[in-house]
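*Asks:* The structure that follows is given in the form of structure tokens.
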Amino acid sequence: MLTGKNAIVTGASRGIGREIALLLAARGAFVIVNYCGSRDCAEDVVRTIQENGGNAAAYQCDVADYKAAEAMIKELTAEYKHIDILVNNAGITKDNLIMKMSEEDFDKVIEINLKGTFNTIRHLTRQMLKQKSGKIINISSVSGVLGNAGQANYAASKAGVIGLTKTMARELASRRINVNAIAPGYIETDMTDVLSEKQKVEMTEQIPFKRFGQAREIAEAAAFLASDQANYITGQVINVDGGMAI
């Protein structure tokens with residue numbers, strides 16, 4: 001259980017982030033539902049948590065903005081005194097073959113997926129060092145493990161998240177701060193809903209389990225890594241991908 005813990009989940013207004021926020025709250029954590037654009041969706045997550053007996057609050061911040069991320073962490077630590085769990089989930093895709101990919105699309109994906117993860121860790125680390133405890137969970141991707149045609153920007157950002165995770169785990173272990181990553185495979189979210197049935201069939205053929213994953217299955221891994229049961233796990237990448245990275 002996570003009773004008494006305060007958690008920040010970035011990009012928590014939809015998809016995987018939403019499911020992680022819901023499950024952490026169900027396990028007893030107070031959850032800050034970070035969002036960038038959709039206030040209505042974020043408030044719906046908070047409302048759902050509260051209707052199920054949990055506690056949560058929405059907080060708008062573009063984590064890709066270094067100063068904005070700093071302000072968010074300062075405000076939240078001042079108000080809630082301790083932040084025990086950070087889930088870096090905020091991310092976007094702008095897929096294209098490398099010969100057609102614009103500099104803008106490459107930079108934007110790196111800015112949000114990788115630098116956004118750096119920003120929140122950078123600003124929260126001081127507080128966690130004072131606490132001498134904390135769980136940081138970064139959402140990477142099977143694309144960051146294996147690479148994926150048409151996703152040079154996304155794969156690079158998610159591979160960078162893995163490198164960042166392992167380095168932060170080494171730097172922070174002496175203060176009992178755990179840093180791990182989850183690498184989801186193809187998960188049923190609004191990102192995959194736009195795919196054609198032909199594309200879905202082709203993608204399913206790459207998965208040993210022959211199905212897409214569910215966002216709840218990623219949330220379960222995150223909740224485990226956030227718990228005391230994972231106290232001796234750090235610097236690891238948990239592949240939740242139906243066997244794609246075997």
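*Asks:* Taking only DSSP H segments of four or more residues, each worth -39500 (n - 2.57), what value at 222 nm results for the chain once the sum is divided by all its residues, to the nearest 500 deg cm²/dmol? Each step should come with its number before you reach the end.
*Replies:* Values: 10 runs with 113 residues, N = 246.
That calculation yields -14000 deg cm²/dmol at 222 nm.
*Asks:* Run the Debye formula on the Cα coordinates of the stretch 174-246, all scatterers equal and no solvent, and tell me log10 I(q)/I(0) at q = 0.11, 0.26 1/Å.
*Replies:* Results for the stretch 174-246 at q = 0.11, 0.26 Å⁻¹ read -0.35, -1.16.
*Asks:* Cut-off under 21 Å on the C-alpha distance; same-chain residues fewer than 8 positions from residue 210 excluded. Which lysines are left, in chain and number order?
*Replies:* List returned: 198, 200.
*Asks:* With 27 Å as the cut-off, how large is the P(r) tail for the stretch 6-240, expressed as percent of Cα-Cα pairs?
*Replies:* Values: 8052 of 27495 pairs.
Everything past 27 Å amounts to 29 percent.
*Asks:* Take 126, 176 and order them by how many other Cβ atoms sit within 10 Å, fewest up front.
*Replies:* Going from sparsest to densest Cβ surroundings: 126, 176.
*Asks:* With 10 Å bins from zero, work out the P(r) of the stretch 89-223 over every alpha carbon pair and list the percent per bin.
*Replies:* All Cα pairs, binned at 10 Å, distribute as 12, 37, 33, 14, 3, 0 percent.
*Asks:* Let me check against my output: what whole-number percent is the relative contact order of the stretch 123-246, with C-alpha pairs under 8 Å and at least 6 apart?
*Replies:* Working: 195 pairs, mean separation 39.4, N = 124.
Computed value for the stretch 123-246: 32 percent relative contact order.
*Asks:* I've got another one for you. One-quarter of the Cα convex hull surface for the stretch 1-97, in nm²?
*Replies:* Values: hull surface 26.4 nm².
That works out to 6.6 nm², a quarter of the Cα hull's surface.
*Asks:* Given charges of +1 on the Cβ of Lys and Arg and -1 on the Cβ of Asp and Glu, with all other atoms neutral, how large is the dipole of the chain about its Cα centre, in debye to the nearest 20? All intermediate terms of the calculation are to be shown ahead of the outcome.
*Replies:* Working: 28 positive and 28 negative charges, 205 e Å.
Using only the charged Cβ atoms, the result is roughly 980 debye.
*Asks:* Still on this model: In whole percent, what relative contact order does the stretch 6-240 give with Cα contacts below 8 Å and a gap of six or more residues? Let's see the in-between values first.
*Replies:* Values: 462 pairs, mean separation 45.4, N = 235.
Dividing the mean separation by the residue count of the stretch 6-240 yields 19 percent.
*Asks:* Now for a different question. Going by how many other beta carbons lie within 10 Å of each one, how would you line up 62, 241, 190, 107, fewest first?
*Replies:* On the way: 62 18, 241 25, 190 8, 107 13.
Ordered by Cβ neighbours within 10 Å, fewest first: 190, 107, 62, 241.
*Asks:* Then there's this: Using the number of other C-beta atoms within 10 angstrom as an exposure proxy, rank 19, 75, 197 with the fewest first. Kindly include the intermediate steps, with their values, before the conclusion.
*Replies:* Details: 19 25, 75 12, 197 7.
By the 10 Å Cβ count, ascending: 197, 75, 19.
*Asks:* Can you tell which of 120, 57, 151 lies farthest toward the positive end of the dipole of the chain, using +1 and -1 charges on the Cβ of basic and acidic side chains (Lys, Arg; Asp, Glu)?
*Replies:* Farthest towards the positive pole: 120.
Bear in mind that the values in this text are calculations on the coordinates, not laboratory data. Bear in mind the structure is a predicted one, so any value in this text is a computation, not a measurement. As a convention, Cβ positions derive from the backbone with ideal geometry for all residues, glycine included, and neighbour counts pool all protein chains shown.
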